[in-house]
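Enquirer: To start, I am sharing the structure in question, which I have written as structure tokens.
Read-outs throughout are calculated quantities, based only on the coordinates presented, and are distinct from any laboratory measurement. Given the structure is predicted, the values throughout are model-derived calculations rather than measurements. Using ideal geometry, Cβ is built from the backbone for each residue, glycine included, and neighbour counts are taken over all protein chains shown.
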Ligand SMILES: *Cc1c(COP(=O)(O)O)cnc(C)c1O
């Protein structure tokens, strides 16, 4: 593990944390309420060792198999799943991940609940409900109406801890154009929590292109990949 690589990741981390602090200052928020999840998909375990040494302690992956290869090599990391989860990989995901951010249907939540009962009895699994705020056919997630309808049953699942909501912003050139999506997620969370306060207050929103805007709009988790690790190969 090269000290150069560690220093480079430490600089990238500092830069992102400064942007988060600046956005918090603009919004009158406390920066300690925002968690940086470093999205490490396609990044080798070797490079990730340097990233962890530089202080990036919470990593996010979007594929179960890729995580299965990395998790044993990187002790002490908190792992988030941020990608789609097929039913045949649910149990493995519950074994590997500390948080599942991408719960996109009631069926998936029920399967996660059953696996969590077996894999980690007595320790409800922290999850986020992924919401397709803009009703974008290219994106996964509950529609806002669907999550409101499913909320009572979701919140009754005994082996899951519903920490809050997650969304993916619009892919737009101007990050300001992602703002309405983030604002809508926050408003939806407030509406759902007014109806049932068992839903937690986590808002996972914002990626490399738009995390500062997301923090201004109330993000408590930002998911940042390229701004920390550089561009991924095409398709990554
Ligand atoms: C890849 C990914 C990210 C990170 O995207 P960057 O543009 O690299 O910051 C965040 N969230 C999800 C769900 C992702 O798949």
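Enquirer: Using alpha carbon centroids, what distance separates segment 17-43 and segment 61-79, in Å?
Expert: 22
Enquirer: From the mean inverse distance of alpha carbon pairs (Kirkwood) and the Cα radius of gyration, derive Rg over Rh for segment 48-138.
Expert: 0.99
Enquirer: Another question, then. Return the single residue from 116, 93, 150 with maximal mean-square fluctuation; model: Gaussian network over the chain, springs between Cα atoms under 10 Å.
Expert: Per the Cα network of the chain with a 10 Å cutoff, 150 tops the list.
Enquirer: Tell me the volume per residue, in Å³, of the convex hull enclosing the alpha carbons of segment 151-215.
Expert: So the per-residue Cα hull volume is 79 Å³.
Enquirer: Can you sort 229, 182 from fewest to most other Cβ atoms within 10 Å of each residue's own Cβ?
Expert: Fewest to most other Cβ atoms nearby, the residues stand as 229, 182.
Enquirer: Compute the FRET efficiency between residue 146 and residue 14 as 1/(1 + (r/R0)^6), taking r as their Cβ-Cβ distance and R0 = 35 Å, and round to the nearest 0.05.
Expert: Step by step, r from the Cβ atoms, then E = 0.30.
Enquirer: Between residue 153 and residue 120, what FRET efficiency comes out of the Förster formula 1/(1 + (r/R0)^6) with R0 = 22 Å and r the beta carbon distance, rounded to 0.05?
Expert: It comes to 0.55.
Enquirer: Now for a different question. What Kirkwood hydrodynamic radius, in Å, does segment 1-85 give when the mean of 1/r is taken over all pairs of distinct Cα atoms and then inverted?
Expert: Every distinct Cα pair counted, the radius reaches 13.8 Å.
Enquirer: So between residue 69 and residue 184, what do we pick up on full extension, going 0.36 nm a residue minus the alpha carbon distance?
Expert: Fully extending the segment from residue 69 to residue 184 adds 37.8 nm.
Enquirer: Output the direction-averaged projected area (hull surface divided by four) of the convex hull of the alpha-carbon atoms of the chain, in nm².
Expert: It is 12.5 nm².
Enquirer: Rounded to two decimal places and with Rh computed the Kirkwood way over Cα pairs, what is Rg over Rh for segment 123-236?
Expert: 0.99
Enquirer: Okay, next question. When all alpha-carbon pairs of segment 110-164 are counted, what percent fall beyond 18 Å?
Expert: Roughly 37 percent, rounded to a whole number.
Enquirer: Roughly speaking, what is the stretch gain from residue 174 to residue 45, that is 0.36 nm per residue apart minus the C-alpha to C-alpha distance, in nm to one decimal?
Expert: The residue 174-residue 45 span can extend by a further 43.2 nm.
Enquirer: When the chain is fully extended, how far beyond the present Cα-Cα distance does residue 22 get from residue 1, taking 0.36 nm per residue of separation?
Expert: So the extension gain works out to 4.4 nm.
Enquirer: Beyond 13 Å, what share of the Cα-Cα pairs of segment 196-236 is found? Please give it as a whole percent.
Expert: So the portion of pairs separated by more than 13 Å is 57 percent.
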